[in-house]
Amino acid sequence: MQLRAICKSKIHHAVVTEANVQYIGSIAVDSELLERVDILPGEKVCVWNVTNGERIETYALPAPAGSGDIVVNGAAARRFQPGDTVIVVAFVLTDEQIKPRMILVNQRNQFVEWLRDNRMPDWCVTDLMAPAAEV
């Protein structure tokens, strides 16, 4: 068996709302977005800053549902500023085929649409409409 790190979750073009260097660490994300893409509290995530090219790995924490909050905490707050555009991604180690849950959000970090990669036609957007446990 060979396990591979496969993209399972993606929040595309979120906007950082706060950077708090005094907090211990992590990234706080509106819990509605976390649930939609199946990222659990404490789960390891990659955060890629589209604005300046910085990349970090940290863990996700839930921010209040519907708040639109994307808060970068701890040392990473020195590299991420409010207004920066970011991509939040989680991977899974698996030997099975998966269907990633990828979304696009607007400037207020509200869900806009499901994303799909046209180069991978087997990904079915309608399958993503169900809660994560049903997919």
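The values are calculated or read from the model by the stated rules, or taken from the named source; none is laboratory data. Remember, predicted model here, so these are calculated numbers, not experimental data. Reconstructed Cβ throughout: ideal geometry from the backbone, glycine too, with neighbour counts over all protein chains shown.
Starting from residues that are in contact with a Lys or Arg (Cβ under 8 Å, 6 or more places away or on another chain) and either surrounded by 13 or more Cβ atoms within 10 Å (Cβ to Cβ) or among the polar types (S, T, N, Q) (or both), keep the ones in segment 47-59 and report whichever is nearest to Gln107 (Cα to Cα).
Step one: of segment 47-59, the residues in contact with a Lys or Arg (Cβ under 8 Å, 6 or more places away or on another chain) are 47-49, 52, 54, 56-59.
From what's left, either surrounded by 13 or more Cβ atoms within 10 Å (Cβ to Cβ) or among the polar types (S, T, N, Q) (or both): 47-49, 52, 54, 56, 58-59.
Details: Val47: 17, Trp48: 16, Asn49: 15, Asn52: 17, Glu54: 20, Ile56: 21, Thr58: 23, Tyr59: 23 Å.
Looking at residues that are in contact with a Lys or Arg (Cβ under 8 Å, 6 or more places away or on another chain) and either surrounded by 13 or more Cβ atoms within 10 Å (Cβ to Cβ) or among the polar types (S, T, N, Q) (or both), I get Asn49.
Would you say Thr85 is closer than 25 Å to Arg116 by Cα and among the hydroxyl-bearing types (Ser, Thr, Tyr)? Walk me through how you get there before you give the answer.
Details: closer than 25 Å to Arg116 by Cα: yes; among the hydroxyl-bearing types (Ser, Thr, Tyr): yes.
Yes; evaluated as a whole, the condition is true for this residue.
Only one of these conditions is not met by Ala28: (1) in contact with a Phe, Trp or Tyr (Cβ under 6 Å, 6 or more places away or on another chain); (2) part of a strand (DSSP E or B). Which number is it?
Going through the list (1) in contact with a Phe, Trp or Tyr (Cβ under 6 Å, 6 or more places away or on another chain); (2) part of a strand (DSSP E or B), Ala28 breaks only (1).
Confirm whether Gly66 is of a type in the set (Gly, Ala, Ser) and closer than 14 Å to Glu18 by Cα.
In short, no.
Report every pair of residues separated by at least 6 positions or lying on different chains whose Cβ atoms are under 8 Å apart, first residue within segment 1-25 and farther than 27 Å from Arg108 by Cβ, second part of a loop (DSSP other than H, G, I, E, B).
These pairs meet every condition: Met1/Asp95; Gln2/Asp95; Leu3/Asp95; Arg4/Asp95; Ile6/Ile98; Ile6/Pro100.
Scan Ala65, Ala5 and give me the residue that is touching an Asp or Glu at 6+ places or on another chain (Cβ under 6 Å), at pLDDT 95 or above and surrounded by fewer than 14 Cβ atoms within 10 Å (Cβ to Cβ).
Working: Ala5 fails: touching an Asp or Glu at 6+ places or on another chain (Cβ under 6 Å).
From the options Ala65, Ala5, the qualifying one is Ala65.
Scan segment 97-128 residue by residue and report those that are modelled with pLDDT under 95 and either among the acidic types (Asp, Glu) or loosely packed, with under 11 Cβ neighbours inside 10 Å (or both).
Listed by number, the residues that qualify are Gln97, Asp117, Asn118, Arg119, Met120, Pro121, Asp122, Thr126, Asp127.
Provide a single number: the residues in segment 39-66 that are more than 15 Å from His12 (Cβ to Cβ), assigned to a loop (DSSP other than H, G, I, E, B) and touching a residue at least 40 places away in the same chain (Cβ under 8 Å).
Matching residues across segment 39-66 total 1.
Residues to consider are Phe80, Phe91; find the one that is out of contact with any Leu (no Cβ under 6 Å at 6 or more places or on another chain) and either surrounded by fewer than 15 Cβ atoms within 10 Å (Cβ to Cβ) or more than 21 Å from Ala5 (Cβ to Cβ) (or both).
Values: Phe91 fails: either surrounded by fewer than 15 Cβ atoms within 10 Å (Cβ to Cβ) or more than 21 Å from Ala5 (Cβ to Cβ) (or both).
Testing whether each residue is out of contact with any Leu (no Cβ under 6 Å at 6 or more places or on another chain) and either surrounded by fewer than 15 Cβ atoms within 10 Å (Cβ to Cβ) or more than 21 Å from Ala5 (Cβ to Cβ) (or both) leaves just Phe80.
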